[in-house]
1. I'm checking my understanding of the structure. Among residues of the range 198-222 that are under 21 Å from TRP246 (Cβ atoms) and aliphatic (A, V, I, L, M), which one is surrounded by the most Cβ atoms within 10 Å (Cβ to Cβ)?
2. Do you know which residues across the range 212-225 are closer than 24 Å to SER299 by Cα and assigned to a loop (DSSP other than H, G, I, E, B)?
3. I'm trying to understand the selection: among the residues of the range 50-91, which are of a type in the set (S, T, N, Q) and surrounded by fewer than 21 Cβ atoms within 10 Å (Cβ to Cβ)?
4. Which count do you get for residues in the range 74-102 that are out of contact with any strand residue (DSSP E or B) (no Cβ under 8 Å at 6 or more places or on another chain) and without any contact (Cβ under 8 Å) to a residue 60 or more places away in the chain?
5. Run VAL47 past the list (1) closer than 20 Å to VAL131 by Cα; (2) at pLDDT below 95; (3) buried (at least 19 other Cβ atoms within 10 Å of the Cβ) and report the number of the one that doesn't hold.
6. Name every residue in the range 142-155 that is surrounded by 17 or more Cβ atoms within 10 Å (Cβ to Cβ) and in a loop (DSSP other than H, G, I, E, B), in order of residue number.
7. Scan the range 56-70 and give yes if some residue there is β-branched (Val, Ile, Thr) and touching a residue at least 40 places away in the same chain (Cβ under 8 Å), otherwise no.
8. Could you list, in sequence order, all residues of the range 9-27 that are free of Cβ contacts under 8 Å to residues at least 60 places away in the same chain and buried (at least 19 other Cβ atoms within 10 Å of the Cβ)?
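The values are calculated or read from the model by the stated rules, or taken from the named source; none is laboratory data. No experiment lies behind these values; they were computed from the predicted model shown. Counting neighbours? That spans all protein chains shown, and the Cβs are built from the backbone with ideal geometry, glycine included.
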Amino acid sequence: MQKAGSAMNDRRERVERAIKSKKRAAFIVNTRSSQGAEYYREAKQKVVDSGFALDAADPVGEAQRLPDLVQQAIRRGHNLVIVGGGDGTIHSVAHLFAYADVALGILPLGTANNYARQLGLPLNLAGAVDVLVSGKVSEVDMGQINGHCFVNGASVGLPAAIAKATARIMKSWFGRLAYAVVAAGRFIGYKPFAVRISTANGARTFEALDIWIAKGGYEGGVLVAPEAKLDSGELTLSILEGKSKWNLLKEWAKTALAFVFPPSEREVLHADSFVMDASPKQDVSIDGDVLIQTSGIPSFFRRMRRSDLKKDVD
């Protein structure tokens, strides 16, 4: 463990020195994110004014192009690749930076910006740019579920249903309030589900209203899992149990009003890996986007390992 920690420190220091000495970066912004198109030019100018040269500056209107553009920047030898967008944007490219001598610089231009909040980044443009050009490089964990990487977390149940139903145009118009608007419609027919969670310490069964599998503690822009840490080496499971929709209403109030209620019926577990099986099948939202369903097939969550990325870094 000491050797691994030493290697991480060496890599972090090496990347940090290169960024500060070269003062060069690639700059890529998802203009389909809620604030991307509005702030692209201003953000770019602020980075340039800070003394950094941008070898590549790409406003990207097609989100599927983001991974290719980021990978090209990394292969060209950039030590800093600045990516602007929301949680979905960061999710799509973060795995490309794992175990590499390159730093991901984040401009939080999304709706909830959960990952940026967990990192403690300023959400205003000037503050975020200041961190990019003068901050320190940090090493954090990533998670994986059935082949999908995540940096912040995954949700199962009502939060995933809300994420699936919240259209991009609504997030552009209403920001974080869009989630509350959709939640009001989803509340009426929502029912709890049975879930079995197996860890190295055994298996437990819950009747759940929602589950948050966290590396970061924020969901919908609100701190819902304060126990979660990005560098803890484990996943945090926060399970809202019970049948009462009153518990859901409290969660919604917390999301809409950013008012933190004391924990009541939440069970919190910590594990390096676990297997989840839910009935009936549930959507799984990964870093804000619904990517898979439980579909009666157990879902395998774990902290990402270097071997998981061989096909991406070859």
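1. Filtering the range 198-222 down to residues under 21 Å from TRP246 (Cβ atoms) leaves 206-212, 219-220, 222.
Those left that are additionally aliphatic (A, V, I, L, M): 208-209, 211, 222.
Numbers: ALA208: 21, LEU209: 24, ILE211: 29, VAL222: 20.
Selected residue: ILE211.
2. Here is the first cut: in the range 212-225, the ones closer than 24 Å to SER299 by Cα are 212-220, 224-225.
Selection gives LYS215, GLY216, GLY217, GLY220, VAL224, ALA225.
3. Taking the range 50-91 and keeping what is of a type in the set (S, T, N, Q), we get 50, 64, 71-72, 79, 89.
If the condition is that a residue be of a type in the set (S, T, N, Q) and surrounded by fewer than 21 Cβ atoms within 10 Å (Cβ to Cβ), then SER50, GLN64, GLN71, GLN72 are the ones that fit.
4. Of the residues in that region, 3 qualify.
5. Going through the list (1) closer than 20 Å to VAL131 by Cα; (2) at pLDDT below 95; (3) buried (at least 19 other Cβ atoms within 10 Å of the Cβ), VAL47 breaks only (2).
6. MET142, VAL151, ASN152
7. Step one: filter the range 56-70 for residues β-branched (Val, Ile, Thr), giving 60, 70.
Remaining after also requiring touching a residue at least 40 places away in the same chain (Cβ under 8 Å): 70.
Yes, that holds for at least one residue.
8. Result: ALA26, PHE27.
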